[in-house]
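A short worksheet on the structure shown next.
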Amino acid sequence: MKTTLKVAGLMICLTLWIAQEGLAKPKMYQPGTVTNGGSLAGSVLFKGKVPEPVLEDLNKGKNSEFCSQHPDTKEGGIRPRHKVVVTDGKLKDTVVFIENIELGKDWSTETINFEFKNCDIFPKVSVVRKTPKKMKTGLVQITNQDPEILHNPHGYSKVGANSKTLFNKPLPSKGDVADVTKNMKRFKKKKDKHFFLQCDQHNFMEADARIVWNPYYAITAKEGSFQMDQIPAGTYRVTAWHPYVGEISKEVTVEAGQQARLDFELTGK
C-alpha cells in the first residue's frame, strides 16, 4: 500500500514538473462551426526611420542578363530590395494572428504557393503551417515561372541566428513544381515560428513566412490594414509580426456578432 502511494505521489510530481517546465504536449487547434462569431479589424503603424533598401547588383552572379530584367531594376543593373515597406506611416506585410484559440473556423483548403518569377519570390511575406496527419501533397508548393533558368528553393526554419533546413529542391525548367507538403511535418509548436525561403542559385531571392497554428491570421495590405472574421466570442492574445521589424502582442475581447478594433505600432530597429 505504501509503495503504491509513493509511486502515485511520484507520478503526480512528475506530471506537475513537466507542466511547469513546458514539456507537456501543446494542445492542437480543433476546427469546427462558428455560430454568431465576431470579427477583428485594425492597422499596423510604423515608428522610426524606415530601413534603406538592399541595393543588389544584378550584374554579378548567375543568369545576370535575365535577372537584370526584373521590373524594379534601376540604371546600372542595380535592384533595390525593400525588406520594410511603409506608406504614410503604415506597415505592409505584417502577419497578425491570434495565439490562444483552440476552437473555431476550419482551415483554408487553398494551396500555399510560392512563385519564383523574374529572379524573385512571390509573395514576399506569407504564412505556412504544419502539415495535417495523412496529408501528403497540396499544402505548400513552389513553382518556377522563369524560362530556361535553374532555381533551387531552399526552405529553413529560423530560430534567432540558427537555421534548420527543411528542404532543398532544384527546379530546372519553367513550370516545374516542388511540393514540400511532407517537409512541413517537421514543425514543432513550441520552437518553430519563422519560415525562410531562398534560392541557392540566386541568394538575393528571398521570402519569409510566419508559421501559424490556427487559421486566425491576416497579412497587412499596403495601407497597413487587416481583418479577421468568424471569431468565437472571447478574449484573445493577438500578435503582429514582421520578419525585419519585430513583433508586439496585445489582448482584445471579441463579442458575438460584433467587430472589435485593435491597432499596433512597431518600431524600426
Every listed condition ((1) touching a residue at least 60 places away in the same chain (Cβ under 8 Å); (2) part of a strand (DSSP E or B); (3) of a type outside the set (Phe, Trp, Tyr); (4) within 25 Å of Val140 (Cα to Cα)) holds for Lys222 save (2)
Go through (1) surrounded by fewer than 21 Cβ atoms within 10 Å (Cβ to Cβ); (2) acidic (Asp, Glu); (3) closer than 30 Å to Asn63 by Cβ one by one and return the number of the condition Asp229 breaks. (3)
With a cut-off of at least 2 residues that are among the charged types (D, E, K, R) and buried (at least 16 other Cβ atoms within 10 Å of the Cβ), name the strands (runs of 3 or more DSSP E) lying wholly within the range 40-120. 112-117
Name the pairs whose Cβ atoms lie under 6 Å apart, with the first residue in the range 252-265 and without any contact (Cβ under 8 Å) to a residue 60 or more places away in the chain and closer than 17 Å to Gly224 by Cβ, the second surrounded by 14 or more Cβ atoms within 10 Å (Cβ to Cβ) and β-branched (Val, Ile, Thr), and 6 or more positions between them or separate chains? none
List every residue pair whose Cβ atoms lie under 8 Å apart, where the two residues are 6 or more positions apart in sequence or sit on different chains, the first residue falls within the range 100-127 and is farther than 15 Å from Phe196 by Cβ, and the second residue, located anywhere, is exposed (fewer than 15 other Cβ atoms within 10 Å of the Cβ) and among the aliphatic types (A, V, I, L, M). none
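Determine, yes or no, whether Asn203 is farther than 19 Å from Ile121 by Cβ and in a loop (DSSP other than H, G, I, E, B).
It is false that Asn203 is farther than 19 Å from Ile121 by Cβ and in a loop (DSSP other than H, G, I, E, B).
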Among the residues of the range 140-179, which ones are touching a helix residue (DSSP H, G or I) at 6+ places or on another chain (Cβ under 7 Å) and in a strand (DSSP E or B)? Val140, Gly155, Leu166, Phe167
Hey, among Lys174, Lys188, which residue is free of Cβ contacts under 8 Å to residues at least 40 places away in the same chain and closer than 23 Å to Pro31 by Cβ? Lys188
Considering only residues of the range 140-188 that are touching a Ser or Thr at 6+ places or on another chain (Cβ under 6 Å) and farther than 16 Å from Asp208 by Cα, which is surrounded by the fewest Cβ atoms within 10 Å (Cβ to Cβ)? Val177
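Quick one: would you say Lys189 is over 28 Å from Ile149 (Cβ atoms) and modelled with pLDDT under 95? Talk me through it step by step, then tell me what you get.
Values: over 28 Å from Ile149 (Cβ atoms): yes; modelled with pLDDT under 95: yes.
Yes: the conditions hold for Lys189.
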Restricted to the range 103-129 and to residues being β-branched (Val, Ile, Thr) and within 12 Å of the chain's Cα centre (by Cα), the residue farthest from Val140 (Cα to Cα) is Val125
Is it fair to say Gly138 is at pLDDT 95 or above and closer than 27 Å to Trp107 by Cα? yes
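The values are calculated or read from the model by the stated rules, or taken from the named source; none is laboratory data. The structure presented is a predicted model; accordingly, all values stated were derived computationally and were not measured. Cβ: placed from backbone, ideal geometry, glycine included. Neighbour counts: every protein chain shown.
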